[in-house]
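Q: Provided herewith is a single structure, encoded as structure tokens, for subsequent inquiry.
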Amino acid sequence: MKIDEKCVVTFHYKMTNDNGVELDSSAGREPLVYLHGGGKIIPGLESALEGKSPGERLQVTVQPEQAFGNVDPDLIQTVPPSAFENADDVQPGMQFQAQGPQGRAQVVTVTEVSDEGIQVDANHPLAGQVLHFDVSVEDVRQATEEEIAHGHAH
Ligand code: ZN
């Protein structure tokens, strides 16, 4: 059957950035399983998979708007070193759990450490990136009533 709303889809994928660097892959792991139409995978990939059948292979390029969004400059802030328990050990690239605007936990990445403070970026690490997917559709089946009610694949 072809991929449509309320299908459970199993697929293998490889994700690379615009420079051809592999960011993620399901090779050697279990394939990804998701409920189609539920917004469980990035929109650009979900719409590209629509209508595909098991055994099909596709290459998809997804713009940031259809992936993890554009970089929001408001999410990049410089905070005083005193905001960190052990500021001396903080280095660019480190990630911390912080409290977001709605009180939700969010991951921030340290992008710069200077005398003025520590710059942290709360954008998704893949925000602003054009992503390339190499996908092979392994299986497509009708979702069960329970899966549709729950909004995810079992
Ligand atoms: Zn469930």
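The values are calculated or read from the model by the stated rules, or taken from the named source; none is laboratory data. If you're wondering where the values come from, they're calculated on a predicted model, not measured in any experiment. As a convention, Cβ positions derive from the backbone with ideal geometry for all residues, glycine included, and neighbour counts pool all protein chains shown. When the accessible area is computed, the model is the full protein with side chains, heavy atoms only, and any ligands, DNA or RNA have been set aside. Shrake-Rupley method; radii C 1.70, N 1.55, O 1.52, S 1.80 Å.
Q: Restricting attention to the stretch 62-77, does a residue exist that is in contact (Cβ under 8 Å) with a residue 12 or more places away in the chain, under 30 Å from SER114 (Cβ atoms), in contact with a helix residue (DSSP H, G or I) (Cβ under 6 Å, 6 or more places away or on another chain) and assigned to a loop (DSSP other than H, G, I, E, B)?
A: The answer is yes, given that some residue of the stretch 62-77 is in contact (Cβ under 8 Å) with a residue 12 or more places away in the chain, under 30 Å from SER114 (Cβ atoms), in contact with a helix residue (DSSP H, G or I) (Cβ under 6 Å, 6 or more places away or on another chain) and assigned to a loop (DSSP other than H, G, I, E, B).
Q: OK, next. Tell me, yes or no, whether the stretch 22-44 has at least one residue that is aromatic (Phe, Trp, Tyr) and farther than 30 Å from VAL113 by Cβ.
A: yes
Q: Go over the candidates GLU147, GLU46 one by one and state the one that is open to solvent by less than 70 Å² (accessible area, probe 1.4 Å) and within 16 Å of the ligand (Cβ to nearest atom).
A: GLU147
Q: Can you tell me which residues in the stretch 21-59 are hydrophobic (A, V, I, L, M, F, W, C), under 20 Å from THR144 (Cα atoms) and in a strand (DSSP E or B)?
A: LEU32, VAL33, LEU35
Q: Please state which one of HIS152, HIS124 is within 29 Å of LEU45 (Cα to Cα), assigned to a loop (DSSP other than H, G, I, E, B), under 18 Å from the mean Cα position of the chain (by Cα) and within 16 Å of the ligand (Cβ to nearest atom).
A: HIS152
Q: Considering only the stretch 83-121, state which residues are within 28 Å of GLN63 (Cα to Cα), open to solvent by 30 Å² or more (accessible area, probe 1.4 Å) and assigned to a loop (DSSP other than H, G, I, E, B).
A: PRO92, GLY93, MET94, PRO101, GLN102, ARG104
Q: Of the numbered conditions (1) within 29 Å of SER53 (Cβ to Cβ); (2) outside any strand (DSSP E or B), ASP134 fails exactly one; give the number of that condition.
A: The single condition ASP134 does not satisfy is (2).
Q: Can you go through VAL140, VAL135 and tell me which one is within 18 Å of the chain's Cα centre (by Cα) and either within 18 Å of THR10 (Cβ to Cβ) or exposed (fewer than 15 other Cβ atoms within 10 Å of the Cβ) (or both)? Give the derivation first.
A: Details: VAL140 fails: within 18 Å of the chain's Cα centre (by Cα).
Going through VAL140, VAL135 in turn, just one is within 18 Å of the chain's Cα centre (by Cα) and either within 18 Å of THR10 (Cβ to Cβ) or exposed (fewer than 15 other Cβ atoms within 10 Å of the Cβ) (or both): VAL135.
Q: With respect to the numbered conditions (1) within 16 Å of the ligand (Cβ to nearest atom); (2) touching a residue at least 12 places away in the same chain (Cβ under 8 Å), which one is the sole condition not fulfilled by VAL140?
A: It is condition (1) that VAL140 fails.
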